[in-house]
Amino acid sequence: MKHIKKILYIHGINSSGNTGKTLKRIFKEKYGDVEVIAPSIPANYFEASKVVDMVMRNESPDLVMGTSLGGFMTLTTKAPCRIAINPTLCPSKTLPLIGTPNEISESYVEIEKQIKDLLDSEDRNTVFGVFGDNDKVVNHRAEFEKRYLKDHIFTVPGGEHQMKEEEFKKYIFPIVESIDDNCRK
């Protein structure tokens with residue numbers, strides 16, 4: 001790849017930076033020189049945003065990619081390109097459904113209101129969404145389609161909420177390669 005040399009991966013809730021180990025390995029196998037940064041992100045929005053902001057400032061990733069709640073956090077960044085995989089767009093409502101404490105889900109209320117205002121037309125050009133068509137955990141594709149460009153939305157046939165390694169290679173790698181030229185800083 002020409003322009004994407006550093007990727008920040010933001011995991012979902014009930015996960016950790018260890019989930020990024022697989023991404024680090026498969027990106028290294030495929031591209032060699034692409035660095036994947038995968039820190040452990042707290043569930044609370046205020047704490048999570050501090051970690052993400054620090055990594056953005058210190059590492060300047062070319063691409064931010066996140067899954068589920070990490071997909072939501074991905075959308076709040078100002079990265080040159082962003083890929084949200086099965087993102088929740090309303091954490092304050094979806095987190096309680098999986099037993100997350102109220103103080104964590106409530107930490108997202110204000111940013112959910114603001115996220116619509118965080119987007120301008122240029123941002124929409126740099127945001128991509130990937131949705132498993134068999135995701136029974138969080139499926140906010142219809143809401144995503146209202147906010148973002150239709151030709152930036154992709155489907156993983158048979159894909160569930162947790163993307164498998166082979167699905168990642170088959171569906172995410174081509175997206176990353178296709179947007180590489182558009183991810184310049």
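The values are calculated or read from the model by the stated rules, or taken from the named source; none is laboratory data. Note that the coordinates shown come from a computational prediction; the quantities given were computed from them, not determined experimentally. Quick reminder, even Gly has a Cβ in these numbers, built from the backbone with ideal geometry, and neighbours come from all protein chains shown. Only protein heavy atoms, including side chains, enter the accessible area calculation; ligands, DNA and RNA are left aside. Shrake-Rupley method; radii C 1.70, N 1.55, O 1.52, S 1.80 Å.
Every residue, every condition in (1) within 27 Å of Glu110 (Cβ to Cβ); (2) open to solvent by 50 Å² or more (accessible area, probe 1.4 Å), yes or no:
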position: Ile7; (1), (2): no, no
position: Thr22; (1), (2): no, yes
position: Asp33; (1), (2): no, yes
position: Ala38; (1), (2): yes, no
position: Ser49; (1), (2): yes, no
position: Ser60; (1), (2): yes, yes
position: Met65; (1), (2): yes, no
position: Phe72; (1), (2): yes, no
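Among the residues here, Ser105 qualifies as touching a helix residue (DSSP H, G or I) at 6+ places or on another chain (Cβ under 6 Å), closer than 23 Å to Met54 by Cα and without any contact (Cβ under 8 Å) to a residue 24 or more places away in the chain.
Does segment 14-28 hold any residues that are modelled with pLDDT of 85 or more and under 16 Å from Ile85 (Cα atoms), and which are they?
Going residue by residue through segment 14-28, those that are modelled with pLDDT of 85 or more are 22-28.
Answer for segment 14-28, where residues must be modelled with pLDDT of 85 or more and under 16 Å from Ile85 (Cα atoms): Thr22, Leu23.
In segment 143-166, the residues that are within 13 Å of Asn86 (Cα to Cα) reach residues that are open to solvent by 50 Å² or more (accessible area, probe 1.4 Å) and assigned to a helix (DSSP H, G or I) with C-beta atoms within less than 7 angstrom, at least six apart or across chains, in these pairs: Ile153/Glu145; Phe154/Tyr171; Val156/Tyr171.
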